[in-house]
Every structure is written in structure tokens, then in C-alpha cells.
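Worksheet: one structure, shown below.
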Amino acid sequence: MNILVCDDDQYFAHQLSAAIGSIFSKNGYSSSIDCLTNMSNIAKIDFSLYDIALIDIELGDICGIDIARQIRSVRKDTVIIFVTNFLEYAPEGYEVQAYRYLIKSKIPEKLSAYLLSAITYFNSQHQSITICICGENIDLELSNITYFESNHRVIIAHLYDRPQKTYQFYSTMTSLQEKLSSADFLRVHKSYLVNMNYILQLQCHQLTLTNGETLSVSEKNYSSIRNAYILWRGKSKWIIP
């Protein structure tokens, strides 16, 4: 995996990099780790390369939240961990879908567990589903599907990176829901199975996706649907130790 460590304290950044490398190696994972310590070099960094990013928040004149925003603009699946001592920025972590918030003083006891959890989470985001279209099998990455829509026995897969492109295949929403029971998908309506990572807002019997699209939510099952989403969000999003 490709790892980015971003901290303006060069000594700390390299110590953290060494600790990360040791944890990866000890657990049988290979890694390539880059350190960004000189913030004047930000324009030269290709943020799309990194699977995991560990970012300090206070970086002189630059805020680590802004770097996280740059990462999100080019990659939605990078696992972002803020490594800092400034808890007052914690609410902004949700905006950039930060995975964890690690206090520097707790690195010795928390780093290994956080990294191994981040690897598991990253891998879970790269699961795929195989569909058959005109006799041809096609693999669709689940993390790139915003939602499935049913039209009688035809399922329509809506994609994040190509909103105008859809894939249509024969199945039932019930069987699809069962196949994806361990993934981040929630049946919000008889016609919609939604990737919860793309839910921006869920209220008033409808939900809004991060692309601005709105979908109806079952009025009869609204309470249980909302509770399931809140439970998932609490388990999946960033944690302050």
C-alpha cells in the first residue's frame, strides 16, 4: 500500500514513517511510505497515489484539513487519519470523511490497531460484484456504485465516477440485497439499494446523495432505515480516542 505521512516536524514524520513500516512488515503487508514535511512542496504531490494518509492538522500556515480536501478531490477511497494534538478540529473530520483521529501522545498504544483497521477498511471498499450483460461478465467495484435501482426485474447500477453511465442487468432487489448484506448498502425503498458512503442527508422520508440527487425513502420503514444508517455511521466513521 502507498502511505503518505504529512507533518512539518521532519524528525517526527520520519519516526512515524519508520513505525508504520515496521507495523506493516510485522503483519505481512508491503508498503511504500512518503513523507511531506515541507509544505511548499504540496503542489508537487500527486495525492491520487495514496491509499492511506496520516496528516497533522497544524502545519504552520496550512491546515491539514485543507490537505485532506485536496486528497478527497482526487480520491474518495483514501483512508485519512489525522495525527495531531488539536481536538478542536475534530468536527471538521467528518466533512472530509476522516477514518480516525489519533492523538500524538497515544501513538505507541493506538497506531498499530488503527493501521490494521485502516487496511481492513480500505480492502472492504474495493470489493466488487459481477454482473452479466448480454452474456458478458462485468466486475463493478462496490465503492463506485452510488445506488441500485429496480425496474421490475431489471436492476440499474448508478456509478459515482460516471453519473451519466448506468449498467442494467436482470436480477431482483431482494437477491441483490442478500448478496450485499455485509457491504455498506441499505435498502431504503422497494426500488432503491443505496451505498451509505454516498448519503449526505437522510430525513423527511427522503435522502440526498453527495451528488445532489434525491431518492424516496419508505415511509412505512423510515424509522428502522434511519436507525440502521445511524448505527452504520457510528461504526464506520472517524473515532476520537
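Nothing in this text is a laboratory measurement; each read-out follows from the coordinates by a stated rule. This is a predicted model, so every value here is computed, not measured. Cβ atoms come from the backbone with ideal geometry, glycine included; neighbour counts cover every protein chain shown.
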Given charges at beta-carbon only (K, R positive; D, E negative), |dipole| of the chain in Debye: 880 debye
Would you work out which of 20, 217, 45 lies farthest towards the positive end of the dipole of the chain, given +1 charges on the beta-carbon of Lys and Arg and -1 on that of Asp and Glu, about the Cα centre? 217
Give the separation of the Cα centroids, region 1-71 to region 191-213, in Å. 32 Å
Potential lengthening between residue 221 and residue 75 on full extension [0.36 nm per residue; Cα-Cα distance subtracted]: 49.2 nm
With unit charges on the beta carbons (Lys and Arg positive, Asp and Glu negative) and the dipole taken about the Cα centre of region 153-241, which residue among 203, 191, 158 sits farthest to the positive side? 191
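Mind counting lysine pairs for me in the chain? Cα separation below 18 Å, and the two need to be 8 or more apart along the chain or on different chains. Could the numbers behind the result be given before it?
Numbers: 26/110; 76/237; 110/235; 110/237; 179/190; 190/220.
Lysine pairs meeting both conditions in the chain amount to 6.
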Would you please state the base-10 log of I(q)/I(0) at q = 0.21, 0.22 1/Å for region 94-241, with intensities from the Debye formula using one equal scatterer on every alpha carbon? -1.39, -1.48
